[in-house]
Amino acid sequence: MKMLIALITFISLNSFASDHIDGPVTTKHRIADISDLFAFPTPQKPGYLTIIFNVYPVVPAGGHFSEKVSHNLFIRKTIIKSSDAGKIFETGGEVVIRCSFKTPHDTVNHSVSCLASNGLKAEAKYGAVQDVATNDFRVYAGMRSDPFFFNADWATKASSKGIIPPPKDNNIMKDLNILSLVIEIEAKKLFKDDWTMFAIIAETTTNDQPNGPVRRLDYVGRPEITNVSMVAHEGEEDLRDNYNLTAPFNVPAAALEKTKARLFKNISYYDNLDKKKDWEDSDRNRMAELLANDYLVIDIAKPCEGSVFLGIEKAMMQDRRYEVCGGRKLTDDIMDTVFTTYIAGLNGARIKDGVDAP
């Protein structure tokens, strides 16, 4: 128990753990705190998309999903649009998959039920892997090891102290658990066509007050937007709670500009850590705008080998064709990718924190 409390305190105070415990609201509602969102083409199944939606960081052995929390995935068709400000994404159409839980006294009787806005349905017993297609898509819900990996001390020194420490294999997430919701779906079932490029957002909501309104608790697109990219330095406002409470794909213009301004400023902060200027203001502005419109972008028709996170976004920034699937795989070292991009630029040498696998 002492170790558990220490870990929660460490993550809360330092605020660098992907999307884990990213603000006062999610700290108070850890059961609805989204820790990570992954999306990748299902291996050996062309045309299928796998989405992993993890919640409840540092979940104790007896922890479980809540009947009061809805776990929602927003999926939109996406294209790359050229504009005077540079290439940006444009999304259209939308399928929302909402998953809820039944949690009677015995965990063995817990179950998940998912309903998509286009009528698709799926359900499963807690912890059960479905090998037979008994639903419109496959769904899994259960406790798993936390797949996120990073060196918290390294990230804290870089993000708050302005120091690039030497790499060290010190993964604070080792041996910790989360609750995982996994969906595998044939992509053409989403929009009844052969579209392959999607933007994906995860959110948790609750209606825990009798006859009260549905309240949003957390929201995740790309990892490390809140805890690294939007980190508040001395004297600055913590923007994370307001960010998490925005509606997916419908961020008010004022809030979007506030986020973009913080991203613009922080990319400059990180760029200065190696005493070299790798970001021109015009490129910083394009990257800030791109990241402020926050969602995972994936093209399931593209190769998905090696490191793919930010692969589409970085290609857009360099005005070239993207060659990888994008999205986010379980093996992507997103911490190295994020810090390398901000500190060393789009073509800089890899910066490593020393933790390379879950």
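The values are calculated or read from the model by the stated rules, or taken from the named source; none is laboratory data. The shown structure was predicted, so the numbers you read here are calculated from the model rather than taken from an experiment. Note that each Cβ is placed from the backbone with ideal geometry, even for glycine, and that neighbours are counted across all protein chains shown. Side chains are part of the model used for accessible areas, which takes the heavy atoms of the whole protein and leaves out ligands, DNA and RNA. Shrake-Rupley method; radii C 1.70, N 1.55, O 1.52, S 1.80 Å.
To put it simply, the accessible area of region 203-358 at a 1.4 Å probe is 49 percent carbon and sulfur. Rg and Dmax of region 181-241, based on Cα coordinates, read 17.2, 50 Å. P(r) for region 223-358, from all Cα pairs and a bin width of 10 Å, is 11, 41, 38, 10, 0 %, short bins first. Across region 301-345, the fraction of Cα-Cα pairs farther apart than 15 Å, rounded to a whole number, is 42%. Relative contact order of region 161-276: 21 percent, from C-alpha pairs under 8 Å at least 6 residues apart in sequence.
State in Å² the accessible area per residue of region 48-199; use a 1.4 Å probe, count heavy atoms of protein chains only, and round to the nearest integer. List each step's numbers first, then the result.
Values: 7040 Å² over 152 residues.
For region 48-199, the solvent-accessible area averages 46 Å² per residue.
Summing charges over all other residues whose Cβ lies under 9 Å from the Cβ of Leu263, with Lys and Arg as +1 and Asp and Glu as -1, gives +3. The fraction of accessible area contributed by carbon and sulfur in region 70-125 is 49 percent, rounded to a whole number (1.4 Å probe; ligands and nucleic acids excluded).
Report the gain in length on full extension from Lys45 to Lys174: 0.36 nm times residue separation, minus Cα-Cα distance, nm rounded to one decimal. Each step should come with its number before you reach the end.
Details: separation 129, 0.36 × 129 = 46.44 nm, distance 3.03 nm.
This chain segment gains 43.4 nm when fully extended.
Charge dipole (Cα centre; +1 on Lys/Arg Cβ, -1 on Asp/Glu Cβ; no other charges) of region 209-330 amounts to roughly 260 debye. A Förster distance of 25 Å, applied to the separation of the beta-carbon atoms of Leu245 and Asn211, puts the FRET efficiency at 0.75.
Sort 70-77, 90-97 by packing, meaning the average of other beta carbons within 10 Å per residue, with the highest value first.
Values: 70-77: 22.2, 90-97: 16.8.
Those peptides, ordered most packed to least, come out 70-77, 90-97.
Which trypsin sites (Lys or Arg not before Pro) from region 212-293 combine a DSSP loop assignment with at most 16 other Cβ atoms within 10 Å? It would help to have the intermediate numbers written out before the result.
Working: sites: Arg215, Arg216, Arg240, Lys258, Lys260, Arg262, Lys265, Lys275, Lys276, Lys277, Arg284, Arg286; in loops: Lys275, Lys276, Lys277.
Loop-located and lightly packed - Lys275, Lys276, Lys277.
Label-to-label distance, Thr107 versus Glu237, with points set 7 angstrom from Cα along the beta-carbon direction: 4.1 nm.
Probe of 1.4 angstrom, ligands and nucleic acids ignored: what's the accessible area per residue over region 237-358, in square angstrom?
Values: 5230 Å² over 122 residues.
Here the per-residue accessible area is 43 Å².
Comparing Asp193, Asp153, Asp333 in a Gaussian network model of the chain where C-alpha atoms under 10 Å apart are linked, the largest mean-square fluctuation is found at Asp193. For the chain, the Cβ-based charge dipole about the Cα centre amounts to some 260 debye (Lys, Arg positive; Asp, Glu negative; other atoms uncharged).
Given all pairs of different Cα atoms, what value in angstroms does the Kirkwood hydrodynamic radius of region 167-280 take? Mind showing how you got there, number by number?
On the way: mean 1/r = 0.0557 Å⁻¹.
About 17.9 Å, per the Kirkwood formula over Cα pairs.
Taken over the chain, the alpha-carbon convex hull comes to 144 cubic angstrom per residue. Taking 24 Å as the straight-line reach from the Cα of Lys276, the lysines in range (excluding those fewer than 8 positions away in the same chain) are Lys157, Lys161, Lys168, Lys260, Lys265, Lys314, Lys352. Here's the list of lysines a cross-link from Lys125 could span, going by alpha-carbon distance under 19 Å and ignoring same-chain residues fewer than 8 apart: Lys68, Lys102. Among residues other than Leu239 with Cβ under 9 Å from its Cβ, the summed charge is -1 (Lys and Arg +1, Asp and Glu -1). Say we join alpha carbon atoms closer than 10 Å with springs in a Gaussian network model of the chain; which of Gly235, Gly221, Gly119 then has the biggest fluctuation? Fluctuation is largest for Gly235.
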